[in-house]
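The values are calculated or read from the model by the stated rules, or taken from the named source; none is laboratory data. Computed from a predicted structure; not experimentally measured. We place every Cβ from the backbone using ideal geometry, glycine too, and count neighbours over all the protein chains shown. Heads up: the accessible areas ignore ligands, DNA and RNA and are worked out on the full protein's heavy atoms, side chains in. Shrake-Rupley method; radii C 1.70, N 1.55, O 1.52, S 1.80 Å.
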Amino acid sequence: MPPTPKTALVTGITGQDGSYLAELLLKKGYEVHGIIRRSSSFNTGRLDHLYRDPHESGARLHLHYGDLTDGNSLAQLLQVVRPTEVYNLAAQSHVRVSFDQPVFTSEVDATGVLKLLEAVRNHQDASGTSVRFYQASSSEMFGKVQEVPQRETTPFWPRSPYGCAKVFGHWITVNYRESYGLHASCGILFNHESPRRGETFVTRKITRAVGRIKLGMQAKLYLGNLDAMRDWGFAGDYVEAMWRMLQQPAGDDYVISTGTMISVRQFAELAFGHVGLDYRDFIEIDPRYFRPAEVEQLLGDATKARTVLHWTPTTGVEALARMMVDYDLELASREKTLRDAGHTVDG
């Protein structure tokens, strides 16, 4: 008789990280269940290719309505799904937006983590089965950095409601690990990007504009602080680290990063340069995009992940910028074709 497949429950499955993680888990033979919020329209575009998978992995992908702010729905889902692993990727994840919506950000990114942990703990106690838990922590917790590079022992000094909420989510996960013996791990992920990144995040905003500007569909790109320094990696690499954390004998915390830091300005130079353009001809500064409290530099030291998890990133920032520009150039080309044919384009 073949072994029973592992079952994973993924919150935030429709996001960038969730879609890459679902791909990875399906390839490894998992039964994958994802939580999506009820809305007036479907937001499952990043998962559509999985349903069309020729190897029928779509038959092992199941979506359920739920919300991190609703503890009862989380408890009920755990009883139905009976996961062996839970990956909490759901969040209000835009730092600038968190200043405009601090209460909502805290309800999801802080209290939501607690509600999910409580559901996991109660499910374990009731069912007698072990559940391994992953919490998506963030380099934004370091904020006003106390040392460079940042590692697992670096003190946190968050500089946004998002960062503050993530600090709570991180420490409550550590507390549940220490108090109740949960196999719970926190991945302190530094910036990670891809062609699936939301278009309001700065890297995708840049590469999206590059494609449109190259084809004459856009004239200017408006950005905020070009001097902010970030450690940028590829989201597809980083979900591998998430999975490896939950395969360890015990839960722990890990910085996941490339160890290379460049500025927003340098990323823009890479992206525009890939199509033979000079970023200085197209970028203008808009004060609306500055944060009330800026995080000037984030640089991670992933030595622990390399040593314990045997994880290393495969995609550098130069290759990442090219990958994203190539995707967005093709996307802009399709948009232009539809526009010229008199059709409207959604998103």
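Taking amide H positions as placed 1.01 Å from N in the peptide plane, with prolines and chain starts having none, which residues 5 or more places from MET229, or on another chain, fall under 5 Å of its amide H?
It is GLN297, LEU298, by chain and number.
Could you tell me which residue out of LEU117, SER106, SER139 lies farthest along the dipole of the stretch 92-148 toward its positive end? Charges go on the beta carbon: Lys and Arg +1, Asp and Glu -1, centred on the Cα centre.
LEU117
Send over the semi-axes of the chain's equivalent ellipsoid, whole angstrom and largest first, taken as the square roots of 5 times the C-alpha gyration tensor eigenvalues.
33, 24, 19
Which whole-Hz ³J(HN,Hα) couplings does the stretch 181-194 yield from phi under the Karplus relation 6.51 cos²θ - 1.76 cosθ + 1.60, θ = phi - 60°, glycine and proline marked x?
x, 5, 7, 10, 10, 10, x, 8, 7, 7, 3, 9, 10, 4
Suppose we look only past 28 Å in the calculated P(r) of the stretch 73-224. What percent of the Cα-Cα pairs does that tail hold?
Working: 3686 of 11476 pairs.
The calculated P(r) of the stretch 73-224 puts 32 percent of pairs beyond 28 Å.
Ranking request for peptides 240-250, 5-15, 183-193: highest mean number of other beta-carbon atoms within 10 Å first, then the rest in descending order.
Result, highest mean Cβ count within 10 Å first: 183-193, 5-15, 240-250.
Say a paramagnetic label sat at a point 7 Å from the Cα of LEU338, along Cα to Cβ; which residues of the stretch 192-233 have their backbone N under 15 Å from it?
212
Once phi is turned into θ = phi - 60°, what whole-Hz ³J(HN,Hα) does the Karplus curve with 6.51, -1.76 and 1.60 give for every residue of the stretch 301-314, x standing for Gly and Pro?
Result, ordered by residue: 10, 9, 4, 4, 5, 5, 6, 8, 8, 6, 9, 9, x, 9 Hz.
In terms of modelled amide H atoms, which long-range or inter-chain residues lie less than 5 Å from the amide H of TRP311?
Long-range HN contacts for TRP311: ARG306.
Once you have the Cα-Cα distance between GLU318 and ASP125, take 0.36 nm times their residue separation minus that, and quote the gain in nm to one decimal.
This chain segment gains 64.7 nm when fully extended.
Among SER333, SER179, SER137, whose mean-square fluctuation peaks in a Gaussian network model of the chain (Cα, cutoff 10 Å)?
Largest GNM mean-square fluctuation: SER179.
Can you list the residues of the stretch 171-195 with backbone N under 18 Å from a point 7 Å past the Cα of THR260, pointing along Cα to Cβ?
In the stretch 171-195, the label zone of THR260 (backbone N under 18 Å from the point 7 Å along Cα→Cβ) covers 190-195.
Any idea how far apart GLN101 and GLU118 come out in nm if each label point goes 7 Å out from Cα toward Cβ?
2.3
Whole-Hz ³J(HN,Hα) for each residue in the stretch 153-168, computed from phi via Karplus 6.51 cos²θ - 1.76 cosθ + 1.60 with θ = phi - 60°, x for glycine and proline: what do you get?
Here the 3J(HN,Hα) series is 8, 5, x, 8, 8, x, 10, 7, x, 4, x, 4, 5, 5, 4, 4 Hz.
Quick check: the angle from helix 264-273's long axis to the longest principal axis of the chain, C-alpha only, nearest 10 degrees?
For 264-273 against the chain, the angle is about 60 degrees.
How many angstrom separate the Cα center of the stretch 190-244 from the Cα center of the stretch 112-147?
The distance from the Cα centre of the stretch 190-244 to that of the stretch 112-147 comes to 27 Å.
Which distance in nm do the two modelled labels at GLU178 and ASN43 give, with both placed 7 Å along the Cα-to-Cβ direction?
3.4
Near the amide H of ARG132, under 5 Å away, which other amide H atoms are found, from residues 5 or more places off or on another chain, if H is placed in the peptide plane?
For ARG132, the qualifying residues are GLU85, VAL86.
Roughly how many Å² is the accessible area per residue of the stretch 163-248, as a whole number, for a 1.4 Å probe?
Numbers: 2660 Å² over 86 residues.
For the stretch 163-248, the solvent-accessible area averages 31 Å² per residue.
Sum -39500 (n - 2.57) across every DSSP H segment of at least 4 residues in the chain, then divide by the residue count to get the 222 nm mean residue ellipticity, nearest 500. Working shown, then result.
Values: 11 runs with 132 residues, N = 347.
Value at 222 nm, helices only, nearest 500: -12000 deg cm²/dmol.
Give the carbon-plus-sulfur fraction of the accessible surface of the stretch 265-339 in %, rounded to a whole number; probe 1.4 Å, heavy atoms of protein chains only.
That fraction is 51 percent.
What does the extension gain come out to for GLU152 and ARG82, with contour length at 0.36 nm per residue minus their alpha carbon separation?
Length difference between fully extended and current span is 22.1 nm.
ASP326 to ASN72: FRET efficiency via 1/(1 + (r/R0)^6), r the Cβ-Cβ distance, R0 45 Å, to the nearest 0.05?
Working: r = 45 Å, r/R0 = 0.99.
The calculated FRET efficiency here is 0.50.
Need one number: convex hull volume per residue for the stretch 142-261, Cα atoms only, in Å³.
So the per-residue hull volume is 125 Å³.
Between THR200 and VAL308, what's the calculated FRET efficiency when r is the beta-carbon distance and R0 is 25 Å? Round to 0.05.
0.15
Given Cα pairs under 8 Å that are at least 6 residues apart, what percent is the relative contact order of the chain?
Result for the chain is 17 percent.
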